[in-house]
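Input: a single structure, listed below in C-alpha cells.
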Amino acid sequence: MVVVLEKNATDKQIENIIKHLEDFGFAVHKSTGVQQIVLGAIGVKPDFDTRKVKILEGVAEVYRITEPFKLASRTFQKEDTVIKIKNVDIGGNEVVMMAGPCSVESEDQIFTVAEIVAKSGAKILRGGAFKPRTSPYSFQGLGEEGLKLLRKAADKFNLLAITEVMESSQIELIEEYTDIFQVGARNMQNFSLLRDLGKASKPIMLKRGLAATVEDWLMSAEYILSNGNRKVMLCERGIRTFETYTRNTFDLSAIPVVHKRSHLPVIADPSHATGLRDKVLPMARAAVAAGADGLMVEVHNDPEKALSDGPQALLPEQFEELMKHVKLIAEVIGRKM
C-alpha cells in the first residue's frame, strides 16, 4: 500500500501516520519525492480497510500496490532513482560506461586496461577478483590481491570500481576496496546474500538470472530494498534460451519494460549477453537506443591471453569505436555520455 502525504504535512503528522501504520502491522518505508513524501506500507493484508489511513491528518491519497514488488515499483516512487557516487550519477540523463577486463589478472594488465577505458570516457572500472566459474578447474580470481590492484588502478585514472560479490562473508572485504557491489546472474536468487547486501552502505548492481523473468528480477531487487539499501541498479545481461549462435539471448525489450514498471536504473551488459566481441558493438548501440542508463562491457589489452572470457572482450580500438557510436546515439535520444 502507498500512502501519499499532503505537501504541507508536518513532522508531527508524519510521525503519527507512521505509528498508525506500524500499529496496523505494516513495515513502513519512507520515500521523499520532488513534490511529496510517500510512505510504502509493506504487508500482506488483502482485507485491510484503507479508510483507516485516509482519515489521518496529513494523508492525501492511499493506493494499493498490485505488483508483488512494492519498493521497486513506480507506484511507490514515480521519479527515477538516481544513484550518486562521487562525481557520477547513475540513472540520470547521462549514460554511464562501466568497462574493464573480466578478471583482474596482474598489476600490469589492470593498469593498462584502466588507462585505455578512462581515456575513451568510461567512468567505472570493472574487474573480477572472485570469479564464479562453471568449471572448478578454471581461474577463480586473485581474491584480495585482485581487489587491491583494482582499487589502485581505479584511483590512478580517476575511476570508480565495481566487482562481483559471491557470498556474504566477502561483503566487508569487498566494501573496503570498491564503490559498487555486483551480484552475478548465478546469485540473483541467493536471498541470504541479497538480505545482507541490503544492510550494506554501497550501491548494488543486480544482474538478471539466467532464466529469470522480469518479475523474478524485480522481486530479487525487493530483497535488497526492503532491508534498507535503496541504491540498487539492475543489469540486463541476457537470458538462456534454446538459441546457440550467441552465448545468451539479449533481452533488449526488458529495458523499457523495467523502466515502465520500476524506478530503478537499468544497465546493459552486451558482452555477457552475446559472448562474442563482434556482436558487442551493435548490441551496445541498441541498448542505448532502448533506454539503458549505462553499459557494462569487457575490454582487454591482450584478449587472446585472457584468463577468462577472452572471446567477448573488446580490443582497445574497438572500445574507442564503441564509445564514439553510443555517444552519438545518446545525443539523438536527448541524453549525454
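Every read-out reported here was derived from the displayed coordinates using simple, explicitly stated rules and does not represent laboratory data. Every value quoted in this text rests on a predicted model; they were computed, and no experiment measured them. So basically every Cβ, Gly included, is an ideal-geometry build from the backbone, and we count neighbours across all protein chains shown.
For a quick check: sort Tyr223, Tyr63, Tyr245 by the number of other beta carbons within 10 angstrom, fewest at the front.
By the 10 Å Cβ count, ascending, the order reads Tyr245, Tyr63, Tyr223.
Taking the helices alone, the chain has a mean residue ellipticity at 222 nm of -10000 deg cm²/dmol, built from -39,500 (n - 2.57) per DSSP H run of at least 4 residues and averaged over all its residues.
Exposure proxy shown here: for Thr81, Thr213, the number of other Cβ atoms within 10 Å sets the order, fewest to most, as Thr213, Thr81.
Work out the count of Lys pairs in the range 13-84 where the Cα-Cα distance is under 23 Å, with the pair 8 or more places apart or on different chains. Lysine pairs, 8 or more places apart or on different chains, close enough: 18.
Of the GluC sites (Glu not before Pro) found in the range 39-139, those in coil by DSSP whose Cβ has at most 15 other Cβ atoms within 10 Å are Glu57, Glu79.
Counting only DSSP beta bridges whose two residues both lie in the range 83-332, roughly 15 percent are antiparallel.
Just so you know, the Rg over Rh for the range 173-331 is 0.97, from Cα atoms, with Rh as the Kirkwood radius.
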